[in-house]
Amino acid sequence: MSEPYVVLHGGFHKTATSHIQSMLGRNTGYLKRQGVLYVHHRDMRKQLTVPCQLYIYAQNGKNYRTTYNDEELAEKTGAFFDGLIGKKDKIDRVILSDENLAGHCGHCVRRGLLYLWRDELIGAIASQIPWTVREVHLGLRNYADFFASAYVEYLRSVTSEHFTDETVMRKRVLEHMPNWMKVLKVVRKHFPEARIVVWRYEDFRQLDMQVLSNLCGPGVDISKLKPPKDKNKRPTASGKAVAELLQMIHRDGAEAALEQRVALQEKYPRGAEYGNYDPWTPSERAHLTRMYDRDVADIRASSDITLVELEHAESR
């Protein structure tokens with residue numbers, strides 16, 4: 001069998017990644033009949049992303065229960081890729097998807113950086129993919145909204161031992177000043193032969209079909225894709241829920257307060273009544289937005305990156 005055309009959808013977090021994955025997952029059978037193999041993100045995460053992360057953590061002296069050395073990692077990921085395409089399968093295109101390509105939301109929150117381990121983690125994953133990655137697709141988001149949403153995601157699973165207060169996150173973000181272009185340069189470094197395609201989350205509602213078309217390729221009629229059922233869609237904490245949780249942490253301590261996070265989320269569900277979480281002052285948000293707009297302009301001007309914008313979608 002000849003090498004398939006490999007497309008990687010690497011997130012980033014909080015850029016409608018779950019919706020994209022749900023659409024692809026819902027239509028796995030249809031896509032396969034068109035010669036496109038969508039590798040479910042849970043399979044990729046379990047068999048590729050997490051082993052690579054554990055490998056990198058071990059290399060950096062992190063003490064995790066499960067570890068991988070070079071041989072063990074190659075054996076794990078090799079078996080995964082060997083089993084993806086059967087001898088009778090007629091697959092021309094493979095879509096890999098995982099928003100944890102560059103790391104986790106916690107990495108962003110604790111250091112105020114866009115993915116502290118991005119170089120090591122992306123490099124490890126790239127080294128284990130046996131085929132040439134031809135395209136990498138990524139969603140970007142306004143820095144203020146990205147870190148606010150990352151903080152909400154972080155609060156879902158953080159333990160009291162590793163809790164970072166929002167004031168600390170805000171200070172570190174403003175000290176470091178995030179820059180998506182720097183992240184994209186790391187992607188380019190590890191996928192030198194790939195076309196890098198990005199879009200702004202703020203445009204996604206009008207670009208969603210264009211994004212899916214780009215991922216699936218010209219041989220797929222995306223108008224035939226069925227919408228996801230979203231039966232297992234996770235709720236998002238409202239601004240009120242996060243504010244109450246942080247007050248409890250300051251009053252009662254992190255360990256006791258974090259036990260109430262699910263109850264608070266159910267009591268104050270996200271919606272018009274309780275609003276979205278926003279830790280930024282108006283001046284901070286304006287500053288982060290200016291930086292985001294400036295960096296998007298740099299990306300737009302780059303000859304090395306394709307920025308999908310509304311005018312492109314409207315012209316189709």
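Looking only at residues in the range 296-312 that are modelled with pLDDT of 95 or more, in contact with a helix residue (DSSP H, G or I) (Cβ under 9 Å, 6 or more places away or on another chain) and among the aliphatic types (A, V, I, L, M), the one that is nearest to Ala194 (Cα to Cα) is Ile305.
A quick yes/no check of all residues on (1) at pLDDT 95 or above; (2) of a type in the set (D, E, K, R); (3) touching a helix residue (DSSP H, G or I) at 6+ places or on another chain (Cβ under 8 Å):
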site: Asp92; (1), (2), (3): yes, yes, no
site: Leu96; (1), (2), (3): yes, no, yes
site: Leu116; (1), (2), (3): no, no, yes
site: Asp119; (1), (2), (3): yes, yes, yes
site: Gln128; (1), (2), (3): yes, no, yes
site: Val133; (1), (2), (3): yes, no, yes
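For the range 14-45, the candidate set comprises residues that are of a type in the set (Lys, Arg) and over 25 Å from Arg141 (Cα atoms); within that set, the residue that is surrounded by the fewest Cβ atoms within 10 Å (Cβ to Cβ) is Arg33. Filtering the range 48-62 to residues that are farther than 14 Å from Gly78 by Cα and either in contact with a strand residue (DSSP E or B) (Cβ under 8 Å, 6 or more places away or on another chain) or in contact (Cβ under 8 Å) with a residue 60 or more places away in the chain (or both) leaves Gln53, Tyr55, Ile56, Gln59, Asn60.
So, Ala286, is that one more than 24 Å from Gly139 (Cα to Cα) and assigned to a helix (DSSP H, G or I) or not? Considered against the rule, which asks whether it is more than 24 Å from Gly139 (Cα to Cα) and assigned to a helix (DSSP H, G or I), Ala286 comes out as no.
Residue by residue, here is whether (1) over 15 Å from the mean Cα position of the chain (by Cα); (2) of a type in the set (Val, Ile, Thr) holds:
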{"position": "Met181", "(1), (2)": "yes, no"}
{"position": "Val187", "(1), (2)": "no, yes"}
{"position": "Glu193", "(1), (2)": "yes, no"}
{"position": "Val197", "(1), (2)": "no, yes"}
{"position": "Tyr201", "(1), (2)": "no, no"}
{"position": "Asn214", "(1), (2)": "yes, no"}
{"position": "Pro218", "(1), (2)": "yes, no"}
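Among the residues in the range 12-28, are any farther than 23 Å from Glu135 by Cβ, under 22 Å from the mean Cα position of the chain (by Cα) and modelled with pLDDT of 95 or more?
no
Can Thr132 be described as surrounded by fewer than 17 Cβ atoms within 10 Å (Cβ to Cβ) and either under 19 Å from Ser238 (Cα atoms) or within 14 Å of the chain's Cα centre (by Cα) (or both)? It is false that Thr132 is surrounded by fewer than 17 Cβ atoms within 10 Å (Cβ to Cβ) and either under 19 Å from Ser238 (Cα atoms) or within 14 Å of the chain's Cα centre (by Cα) (or both). Counted as qualifying within the range 104-218 are the helices (runs of 4 or more DSSP H) with 3 or more residues that are more than 27 Å from Asn60 (Cα to Cα), of a type in the set (Gly, Ala, Ser) and touching a residue at least 40 places away in the same chain (Cβ under 8 Å), namely 143-157.
Quick grid of which residues meet (1) over 24 Å from Asp304 (Cβ atoms); (2) surrounded by fewer than 15 Cβ atoms within 10 Å (Cβ to Cβ); (3) touching a Gly at 6+ places or on another chain (Cβ under 7 Å):
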| residue | (1), (2), (3) |
| --- | --- |
| Val173 | yes, no, yes |
| Pro192 | no, yes, no |
| Glu202 | no, no, no |
| Leu207 | no, no, no |
| Ser213 | no, no, no |
| Cys216 | no, no, no |
| Ile222 | yes, no, no |
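The values are calculated or read from the model by the stated rules, or taken from the named source; none is laboratory data. Being a predicted model, the structure only gives us computed values, none of them experimental. Methodologically, a virtual Cβ is constructed for each residue, glycine included, from the backbone with ideal geometry; neighbour enumeration extends over all protein chains shown.
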